[in-house]
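Below: the structure, in structure tokens.
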Amino acid sequence: MRIGMAWGTVGRVRRRAGAGQLRRAVTAGALVTALFGVAACTGTAPGGPAAAGSPPASAGSPATPGTPTATLATPSGGPPAAPAQVPDVLRFTGTTLTGAAFDAARFAGKPVVLWFWAPWCATCASQAWTVAEIAPKYRDTVPIVGVAGLGEQRAMKDFVTEFELAGTTQVDDRKGALWKRFKVTEQSIFVIIDRTGAVVHRGFLDGEALSARVAALAGA
């Protein structure tokens, strides 16, 4: 009788142990299933790298509300100024002594000084030093443009070199086209054009008078 009761007790213990193992097994299985369910939603195994060939999570995702996606340039001032109208007096072209193309239209809206000179002219030589001195200073405000004529090109180039005029534009007018256009019949003559395109001086100027006229035009 005691032996039978002992075996009964052993049986109950085994059944309880088996039930506990079964519950643990069921619980573990439920956890595994839940974890694989999460993996299936995210496309990434728990704790593992993204699947090969899958785009990063940020690719194609919309921007976060309130975060700018582009910066638009805003105007820093008013509308751009309209280009200056080219007056008839500046509608001419030519070639410089260095072989570059020259278009007087680029000076529209600025006062301009045209200096008509010849390479053999003693008066032109005396004025050349003043031109060489002030022209670079007023290059952007009152351009001075030499118009060389009545001579050979080689002599004109030597004149430019001797009097250090290479820093100023010198138009090659050996045929006299511009001299005729501005009705220049002798040298040395300065033709001064104001910013409106009006000719305000045509004639001789010594170095002091030329400097004063150019300075006044720059400040106007």
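The values are calculated or read from the model by the stated rules, or taken from the named source; none is laboratory data. All values derive from a computational prediction rather than experimental measurement. Positions of Cβ are generated from backbone atoms using ideal geometry, with glycine treated the same way; all protein chains shown enter the neighbour counts. The accessibility values were calculated without ligands, DNA or RNA, using every heavy atom of the protein model including side chains. Shrake-Rupley method; radii C 1.70, N 1.55, O 1.52, S 1.80 Å.
Just a few scattered comments:
- Cα gyration tensor category, rounded, prolate or oblate, for region 153-220 with a/c compared to 1.5: oblate
- Förster radius 41 Å - calculated FRET efficiency between Trp129 and Arg106, Cβ distance, rounded to 0.05: 0.95
- Inter-label distance for Glu208 and Trp120, nm, one decimal - labels placed 7 Å from Cα along Cα-to-Cβ: 3.2 nm
- For region 194-202, backbone phi angles converted through the Karplus equation (6.51, -1.76, 1.60; θ = phi - 60°) give residue-by-residue couplings of 7, 5, 8, x, 8, 7, 9, 7, 8 Hz, Gly and Pro being listed as x.
- With the convex hull drawn around the C-alpha atoms of region 83-220, the volume per residue stands at 97 Å³.
- For region 172-216, the set of chymotrypsin sites (Phe, Trp or Tyr not before Pro) satisfying both a DSSP loop assignment and a count of at most 15 other C-beta atoms within 10 Å is given as Phe204.
- In a fully extended conformation the segment linking Val200 and Thr185 would gain 3.6 nm over its present Cα-Cα distance, using 0.36 nm per residue.
- Under 5 Å from the amide H of Ile189 lie the amide H atoms of Phe116, each residue being 5 or more positions distant or on a separate chain, with H modelled from the backbone and absent for Pro and chain starts.
- Whole-Hz couplings from phi, Karplus 6.51/-1.76/1.60, listed for region 172-189; x for Gly and Pro: 7, 10, 4, 7, x, 4, 6, 4, 5, 4, 9, 6, 8, 10, 8, 10, 9, 10
- Of the trypsin sites (Lys or Arg not before Pro) in region 153-220, the ones in a loop by DSSP (not H, G, I, E or B) with at most 10 other beta carbons within 10 Å are Lys175, Lys183.
- Links that overshoot a 26 Å alpha carbon limit, given the list Lys137/Lys183; Lys110/Lys137; Lys137/Lys180: Lys137/Lys183; Lys137/Lys180
- Simple spin-label estimate for Thr93 and Glu164 in nanometres, 7 Å along Cα-Cβ: 3.5 nm
- Take the Cα of Arg174, step 7 Å toward its Cβ, do the same at Ala216, and the gap between the two points is 3.8 nm.
- Taking all protein chains together, Asp172, Asp88, Asp158 sort by accessible area into Asp88, Asp158, Asp172, largest first [probe 1.4 Å].
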